[in-house]
1. If you put +1 on each Lys and Arg Cβ and -1 on each Asp and Glu Cβ, how big is the dipole of region 6-146 around its Cα centre, in Debye rounded to 20?
2. Extending each Cα 7 Å along its Cβ direction at Arg47 and Thr104, get the distance between those two points in nm, one decimal.
3. Please check which bits of region 29-71 a label hung off Asn17 would reach, taking the label as a point 7 Å along Cα-to-C-beta and the cut-off as backbone N under 16 Å.
4. Where does each of Glu25, Glu66 land when they are ordered by accessible area, with a 1.4 Å probe and the largest first?
5. Tell me the Kirkwood radius of region 1-109: reciprocal of the mean inverse pair distance over distinct alpha-carbon atoms, in Å.
6. For the chain, what is the accessible area per residue in Å² when the probe is 1.4 Å?
7. Which is farthest toward the positive dipole end of region 68-117 among Cys108, Ile95, Leu78, measuring Cα position about the Cα centre, with Cβ charges +1 (Lys, Arg) and -1 (Asp, Glu)?
8. Beta carbons within 10 angstrom, averaged per residue: use that to sort the peptides 39-52, 125-138, 82-95, highest first.
Amino acid sequence: MRIALGARSAVFAPVRNLGVVVVDEEHDGSFKQEEGVRYHGRDVAMRRAREAKAVAILGSATPSIETYEAARAGRVTLLELPERATPRPLPAVEIVDLGYLERTPTECPRCRGKSVERLGLGTERIESILTERFPRARIGRLDRDVARGRGMQRVLDGLRRHELDVV
């Protein structure tokens with residue numbers, strides 16, 4: 001039996017008599033080729049499997065919306081594992097209410113001036129406050145400025161590698 005194992009480009013490996021194509025963590029954005037010829041590795045894998053009359057397995061603990069909807073609609077078969085493969089506990093989850101609102105004041109609460117502008121708190125200021133309050137936390141900021149170029153990918157890669165605690 002011949003096996004091709006690799007990154008998203010492994011789906012192009014010249015394997016004869018292809019029987020199974022496995023895409024692990026199919027939801028992961030790294031399967032998208034954004035430069036040169038653009039393609040989504042998951043979609044290419046599905047097409048390659050279909051043309052080879054092979055089985056495609058898309059693995060994920062958190063399937064992409066597209067894949068989950070395809071399963072819900074019956075276009076692909078959903079196989080669920082109700083328990084973790086290893087006896088590790090689930091990660092801690094905290095639900096944070098984001099929806100907090102208060103009326104914009106008509107005057108400055110400090111000087112009582114009537115010229116009040118809505119500027120927002122700003123992500124850099126929030127990052128600074130978090131750094132002060134949680135000095136041991138590894139904090140990453142993801143806003144329009146950071147997302148330019150490869151910045152977004154660096155932050156997401158840091159999350160994936162567990163190098164960040166808060167974004």
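The values are calculated or read from the model by the stated rules, or taken from the named source; none is laboratory data. This structure is a prediction, so every number in the text was calculated from the model and none was measured. Virtual Cβ from ideal backbone geometry, glycine too; neighbours counted across all protein chains shown. Just so you know, the surface numbers come from the protein's heavy atoms only, side chains and all, with ligands and any DNA or RNA stripped out. Shrake-Rupley method; radii C 1.70, N 1.55, O 1.52, S 1.80 Å.
1. So the dipole magnitude of region 6-146 works out to roughly 140 debye.
2. So the two model labels end up 4.8 nm from each other.
3. It comes to 52-55, nothing else.
4. Glu66, Glu25
5. Averaging 1/r across every pair of different Cα atoms and inverting gives 17.3 Å.
6. 88
7. Cys108
8. So the order, starting with the most tightly packed, is 39-52, 125-138, 82-95.
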